[in-house]
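So the structure is just underneath, and the comments pick up after that.
The values are calculated or read from the model by the stated rules, or taken from the named source; none is laboratory data. Keep in mind that what you see is a predicted model, and the values were worked out from it rather than measured. No Cβ is skipped: glycine too gets one built from the backbone with ideal geometry, and neighbour counts run over all protein chains shown. All accessible areas refer to the heavy atoms of the entire protein, side chains included, with ligands and DNA or RNA removed. Shrake-Rupley method; radii C 1.70, N 1.55, O 1.52, S 1.80 Å.
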Amino acid sequence: MSVPTEHLVILAGILFSIGVAGFCLRRNLIVMLMSVELMLNAANLTFLAGSRAHSAGGEPMLEGAVFAIFVIVVAAVEASVGLALVIALYRRQQTVSVDSLNQLGDA
Amino acid sequence: MNPYIEGMQALAPELVLTALALIVLVADLLTKGKDSRRMGYLTLAGLAVVGGMLALRLGEPSQTYFGMVIVDSFGTFFKLFTVAAVAVVCVFILSDKNERKNGIGEYYFLLLGASVGIFFMVSTNHLLLLVLGLELLSLASYALAGFHKGQRKSAEAAMKYVVFGGLSAGIMVYGISLLYGMTGTLDLAEMATLAGDSIPTGLVPQLYLSAMPVGVAMVMILAGFAYKMSVVPFHFWTPDVYEGSPTPVTTFLAVASKAAGVAALLRFVGALFPVDGVDEIIMWYGDRFGMLIAVLAAVTMTLGNLSALRQQSLKRMLAYSSIAHAGYILIGVATRTSEGFDAAMYYMTAYYFMNLGAFGVLLYFESALGSDRIEDMRGFGWKSPLISIAMVAFLVSLTGLPPTIGFYGKYLLFKVGVAEGLGWLVIVAALNSVVSLFYYFSVAKSLFLKESNDERPALSQPLFAGLLTAIGVLTIFFGLFPDSIQELVEMCSLLGS
C-alpha cells in the first residue's frame, strides 16, 4: 500500500510554509539559507508526488523526477555560493546576523 | 541528418559562448592573472563572433531542438541584446579607473557564464530549462555583485542578493512543482493545449476543475520573474545591490539581467495566456492574469518614481528609476497582444541605449570625482561638455521626452495600452513620467546650472568618452528615425508572423 498523493502534497505544503516562516522570522543568515533549502525540498517532494500520480496510467512520467534531481543540484550550488559569501561577511564583521547588513539603505 | 548534430549546430552560439568563457578562465589562470586587460580584449573579440553568428540567424523560422530549446527570432533578438550589453560592460570594466588591472580575469568569465544562462532562459518554453538558465544567471550575478569582496558594501550587496534570490527561486520552483502536479507537463505550449480525460492534464481541464490552485501556482511563478525584473513586491534587493556592486556589474544587472526576465515573462504569458486563446476559460483566466500584471505595473512605476525623488546618490536614483521602467515595460506584457509585446521589446531597446549611457556616465563621474552624489557633480558640465551633453540626452530619453528613443518607446506602450482598454494604467504611467522629470532634471541642473567648487580637472579617456557620445547620438538618432528598430522588432515578434 502506498502513501496517497494528497498526503505528500500536504506534507510538502507544510515544509514550504516552515521554510517561508523560518526565512521571515530568523535573523541568522545561515538559518535563512537553510530555510530556502527547505522550500526547495518541498518543491522536490511535490515534483515526485506529481511524477508518480501522472505515471499511474501506464508509461512512467519522469519529467518531474528529473526536475527534482536538477533542483537538488541547484540547491547545492546556491548553498555553496551563499555560504562562501557568509564566510566573507563573517571574516569582516565577526557576525552572521542580517542586522549587520546595514551599510546600504535609504538615508 | 542526425537530429543530435542538427541540434548542436543550432546551439552553435551558445557553445561558442561557453567555450569562450572557459578559454578566458583557463587563459587567465595560465598567465597567472597578469594583465587581465588582455582577457577583456579576448572577450570582446569572442562576443563579436557570437554576435555575428546571431545576426545571420535573424528572420529564420522558429524550430525546437532537443524537445526544449526553441531557436527563433524572438530569442535571437534578446541574445543579440545580451551580447551587445555585455560587450559594453566589458568596455566599462576596461575603462574603470578604480579597477585593478591584474587578477580580474574571472570578471569576464562570470559575465560570460551569466550570458550563457540568459541565452537558455530566453529560448525555451520548458520550465526546467527556464529554471536552470535563471539559476545560472543568478549564481554568476551573486559572485559578480560581491566581486570586490574586501569592500564591505560589495560583500553586503552580494549577501542581500543571494538571500532574496534564494527566496524568490524557492517560491518559483515550488510554484512550478504545483503547476506540474496539476497539469502533468513542464512544457508551456503542451500545457496550454493538452486536454486529458482520466487524470486532469493540461491547463484547461485543471481550470474547469478549480481555478484557485492554478492561481496560487501562477502567482508563485510570477515571483521569479518579478525578482529578475525588480517588480514590486520583489524589488527590495534592487537599490541596495545596485549601489553596493561595482558599477559595471550594476550596468549588467540593470540591462542584460532585466531583459532576460522580460523575455522569459513574455514567453510565459504568450504561451499560456495569449489574448486570442483557444478556450473561453483560458480567456477568462488570462484577463485576470493580465489585470494582476497591470496592477503590479502601476504599483511598481509609482513606487520606483516616488522613491527616486529623494535620492542623493546618482547610482541609487538610477536603481529606483530602473524599477520604474520595469513598471512601464509591464504595460506591454499586460495587454497580452502581439502589439503589446512588440512595444515591450521596443522599449527594452530604448532602455538599452539610455541606461547603458546613464550608467557609463555614472562610472565616468565615479572615476573623476570618487563620488556618486548628485551634489558633487555641480558645474561638471562645463569641464567635460561632451559626456555631460550625452548625459542630458540619456536623461531626456529616460523621462520619455522627444526627440529621443525613450519618447517613441513610451509612445508605443501608451498607444497599445489605450487600444487594449488599459487607459487607467496609461494615465498612471503618464503622471509618473511627470514625476520622473523632477529627479532626472535635478541631475542636468546640477551639471550645468550650478557653480563648481571643485578644482579637479576632467579625466581624459578618449575611447570611453567616444563610446558614451556614440550611445548618446544613437539615443537621439533612433528617436528621430525609429523605423529601423521598429522593423527589427516586428521581424522578431513573438506572437505575430
Failed condition for A:PHE16, given (1) facing chain B (nearest Cβ under 9 Å); (2) more than 20 Å from A:THR5 (Cβ to Cβ), with all others met? (2)
What's the total number of residues in the stretch B:170-183 that are within 18 Å of B:THR124 (Cα to Cα) and facing chain A (nearest Cβ under 8 Å)? 4
Kindly indicate whether any position in the stretch B:458-473 is at pLDDT 90 or above, surrounded by 17 or more Cβ atoms within 10 Å (Cβ to Cβ) and over 22 Å from B:PHE92 (Cα atoms). no
State yes or no: is B:MET121 under 23 Å from the mean Cα position of the chain (by Cα) and crowded, with 19+ Cβ neighbours inside 10 Å? yes
Flag for B:ALA298 being open to solvent by 10 Å² or more (accessible area, probe 1.4 Å) and either within 21 Å of B:GLY423 (Cα to Cα) or of a type in the set (Val, Ile, Thr) (or both): yes
Restricting the first residue to the stretch B:83-106 and requiring it to be more than 24 Å from B:PHE353 (Cα to Cα), which pairs with a second residue that is β-branched (Val, Ile, Thr) and surrounded by fewer than 18 Cβ atoms within 10 Å (Cβ to Cβ) meet a Cβ separation below 9 Å and a spacing of at least six or different chains? B:GLY105/B:THR31
Within the stretch B:185-267, which helices (runs of 4 or more DSSP H) (wholly inside it) include 2 or more residues that are touching a Gly at 6+ places or on another chain (Cβ under 8 Å)? B:188-193, B:211-229, B:237-244
Selection from the stretch B:141-162 of residues open to solvent by 10 Å² or more (accessible area, probe 1.4 Å) and either more than 7 Å from chain A (Cβ to nearest Cβ) or not small (Gly, Ala, Ser) (or both) yields B:PHE147, B:HIS148, B:LYS149, B:GLY150, B:GLN151, B:ARG152, B:LYS153, B:LYS160
Pick from the stretch A:97-107, criterion within 10 Å of chain B (Cβ to nearest Cβ) and in a helix (DSSP H, G or I), ranking: modelled with the highest pLDDT: A:VAL98
Cβ-Cβ under 9 Å pairs, at least 6 apart or on other chains, the stretch A:1-17 side over 23 Å from A:SER35 (Cα atoms) and touching a residue at least 12 places away in the same chain (Cβ under 8 Å), far side assigned to a helix (DSSP H, G or I) and open to solvent by less than 90 Å² (accessible area, probe 1.4 Å): A:THR5/A:ALA49; A:THR5/A:GLY50; A:THR5/A:ALA53; A:THR5/B:GLY181
Across the stretch B:163-175, the tally of residues that are closer than 13 Å to A:THR46 by Cα and surrounded by fewer than 24 Cβ atoms within 10 Å (Cβ to Cβ) stands at 1
If we scan the stretch B:354-367, do we find a residue that is touching a Pro at 6+ places or on another chain (Cβ under 6 Å), within 24 Å of B:VAL299 (Cβ to Cβ) and open to solvent by less than 10 Å² (accessible area, probe 1.4 Å)? no
If I filter the stretch B:322-339 for residues that are open to solvent by less than 10 Å² (accessible area, probe 1.4 Å) and within 14 Å of another protein chain (Cβ to nearest Cβ), do I get at least one hit? yes
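For the stretch B:406-417, does any single residue satisfy the condition of being modelled with pLDDT of 90 or more, surrounded by fewer than 17 Cβ atoms within 10 Å (Cβ to Cβ) and not acidic (Asp, Glu)?
Narrowing the stretch B:406-417 to residues modelled with pLDDT of 90 or more: B:406-417.
Now drop any that are not surrounded by fewer than 17 Cβ atoms within 10 Å (Cβ to Cβ), which leaves B:411, B:415.
Going one step further and asking which of them are not acidic (Asp, Glu), we end up with B:411, B:415.
Yes, that holds for at least one residue.
From the list B:MET191, B:MET218, pick out the single residue that is farther than 19 Å from A:VAL20 by Cα and more than 9 Å from chain A (Cβ to nearest Cβ). Spell out how you get there, then give the answer.
Working: B:MET218 fails: farther than 19 Å from A:VAL20 by Cα.
Result of the check over B:MET191, B:MET218: B:MET191.
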